[in-house]
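Novice: First, the structure itself, so that you have it in front of you.
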Amino acid sequence: MISADRPATRLATRLSFLVAGFGISCWAPLVPFAKQRLHIDAAMLGMLLLCIGIGSIAAMLATGPLSARYGGKPVIVTSGIALALILPLLTIAATPVALGGALLLFGAALGSLDVAMNVHAVEVERAAKQPLMSGFHALFSIGGFAGAGLMTIFLSFKMSALAGSLVCAGIMLAAMLVAWPRLLPAMTGEDGPLFVWPHGVVVLLAVLAMATFLAEGAMLDWSALLITQMGLVGATQGGLGYILFAIAMTSGRLLGDRLTARLGDYRTLLGGGVIAVAGFLVLLSVPVAPIALAGFLLIGLGASNIVPVLFRIAGAQAHMPPALAIGAITTLGYAGILAGPAAIGVVAEAIGLRAAFWMLAVLLLLVPFTARRTARAASSG
């Protein structure tokens with residue numbers, strides 16, 4: 001029997017998060033090549049990219065119940081390997097229909113892995129009796145940097161998209177093979193229903209996750225346009241804001257477990273929410289570029305540990321089975337990332353992009369305002 005509180009089990013959990021972040025980020029540099037290969041316009045490309053989200057959400061809805069019944073290991077192993085095997089297919093799909101189908105499967109593998117690895121991480125953290133979730137989530141961010149960076153290097157050296165994706169797939173498969181025997185045994189799941197409607201504090205956790213993911217998605221999709229419209233940077237430097245945000249987010253998660261162990265869930269949520277909102281205030285109200293751009297650092301640091309704490313609380317609450325709660329939070333959070341950019345676009349068209357970002361700041365106020373009630377759910381579980 002494999003103990004949940006072993007260095008090997010923690011390593012396997014970290015590798016699962018690393019593979020998830022690495023896999024999805026490997027696809028990002030390949031998008032222009034897919035557009036060129038299939039001779040499609042931006043509208044068609046957008047529809048195809050939506051397939052990732054559709055596949056992810058559909059799989060997430062099923063993965064929570066499956067992980068609750070059978071444990072996370074079989075889902076992690078299956079979805080992690082599938083993610084690696086599907087990646088090269090994205091580079092050779094010869095028609096939009098073929099690429100759309102491959103992206104649906106790619107998204108499904110990613111969504112399944114996302115839910116199952118968080119279910120597994122909650123078990124590992126509970127056995128360790130100390131905060132570990134932030135460190136696990138930091139590995140997802142590190143995997144994202146590594147995947148996008150490595151694939152970009154391959155393409156820059158004129159390696160074909162297929163060859164680059166095969167190398168990256170090999171790295172992912174190797175990581176999953178290392179993780180496989182070190183994951184917790186498959187039959188660690190719970191008896192009970194395979195589906196429960198989110199209720200009680202889980203609804204609040206899901207809303208807070210959606211708000212946080214929505215803010216993160218806005219950083220990725222809209223921050224460059226925002227700071228160029230505000231005249232803070234030139235068009236060629238628009239990505240600076242997201243770079244600062246991503247660095248702060250990853251750094252905050254690497255330090256987050258020690259911080260949460262010292263402060264507790266309540267103070268972490270309260271302080272993180274306040275710092276993130278303060279970041280929006282600095283970004284949107286200070287006309288001096290270096291100071292305004294520092295707002296991205298505050299947003300990244302403040303938001304970095306909110307979602308890991310929400311997952312921890314989901315694993316400790318007693319309103320519904322932890323795996324089902326984690327599935328609900330992941331699904332709604334991912335829905336926030338998917339729907340968020342479009343919603344921000346609609347709002348920006350009506351009242352301006354800057355006003356839309358002010359609305360994000362107001363939405364994030366939910367985190368500090370509900371921090372005490374949210375943290376109480378863990379102690380009552």
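None of the figures in this text is laboratory data; all of them are computed from the coordinates on show. Just so it is clear, the model here is predicted, and its values are computed rather than measured. So basically every Cβ, Gly included, is an ideal-geometry build from the backbone, and we count neighbours across all protein chains shown.
Novice: Could you state, as a whole-number percent, how many of the C-alpha pairs of region 1-54 are farther apart than 13 Å? Don't jump to the answer; show the numbers that get you there.
Specialist: Numbers: 1005 of 1431 pairs.
When all Cα pairs of region 1-54 are counted, 70 percent exceed 13 Å.
Novice: Here's a follow-up. If I build a Gaussian network model for the chain, linking alpha-carbon pairs within less than 10 angstrom, which residue out of I153, I227, I54 has the largest mean-square fluctuation?
Specialist: I153
Novice: Across region 347-354, in residue order, what do the Karplus-derived ³J(HN,Hα) couplings come to in whole Hz, using 6.51 cos²θ - 1.76 cosθ + 1.60 with θ = phi - 60° and x for Gly and Pro?
Specialist: Each residue's phi maps through the Karplus curve to give 5, 4, 5, 7, 10, x, 5, 4 Hz.
Novice: Please identify which residues in region 159-176 have an amide N closer than 18 Å to a label point set 7 Å out from the Cα of A98, following the Cα→Cβ vector.
Specialist: Within reach of a label on A98: 160-166.
Novice: Using only alpha carbon pairs under 8 Å that are at least six residues apart, calculate the relative contact order of the chain and give it in whole percent. Don't skip to the end; give the middle numbers.
Specialist: On the way: 661 pairs, mean separation 91.5, N = 381.
Relative contact order comes out at 24 percent.
Novice: Viscosity 0.692 mPa s, temperature 37 °C: Stokes-Einstein D of region 236-285 from its Kirkwood Cα radius, in µm² per second? Please report the intermediate quantities before stating the final value.
Specialist: Details: Rh = 12.2 Å.
Rounded, D is 269 µm²/s.
Novice: Quick one: Debye curve from the alpha-carbon atoms of region 303-370 only, equal weights, vacuum; give me log10 I(q)/I(0) at q = 0.15, 0.19, 0.25 Å⁻¹ to two decimals.
Specialist: Computed log10 I(q)/I(0) values: -0.62, -0.86, -1.12.
Novice: Based on the Cα coordinates of region 201-380, what is the per residue volume of their convex hull in Å³?
Specialist: Working: hull volume 17.9 nm³, N = 180.
For region 201-380, the hull spanned by Cα atoms encloses 100 Å³ per residue.
Novice: Now for a different question. Can you give the Rg/Rh ratio of region 81-121, where Rg is from the C-alpha atoms and Rh is the Kirkwood radius? It would help to have the intermediate numbers written out before the result.
Specialist: On the way: Rg = 11.7 Å, Rh = 10.7 Å.
Result: Rg/Rh = 1.09.
Novice: Moving on. Largest first, please: the extent of the C-alpha atoms of region 7-181 along each principal axis, to the nearest Å.
Specialist: Rounded to whole Å, the extents work out to 53, 34, 23 Å.
Novice: If the elastic network links every pair of Cα atoms under 10 Å, which of G352, G111, G239 fluctuates the most in the Gaussian network model of the chain?
Specialist: G352
Novice: If you don't mind, another one. Once phi is turned into θ = phi - 60°, what whole-Hz ³J(HN,Hα) does the Karplus curve with 6.51, -1.76 and 1.60 give for every residue of region 93-105, x standing for Gly and Pro?
Specialist: 4, 8, 9, x, 5, 5, 5, x, x, 5, 5, 4, 5
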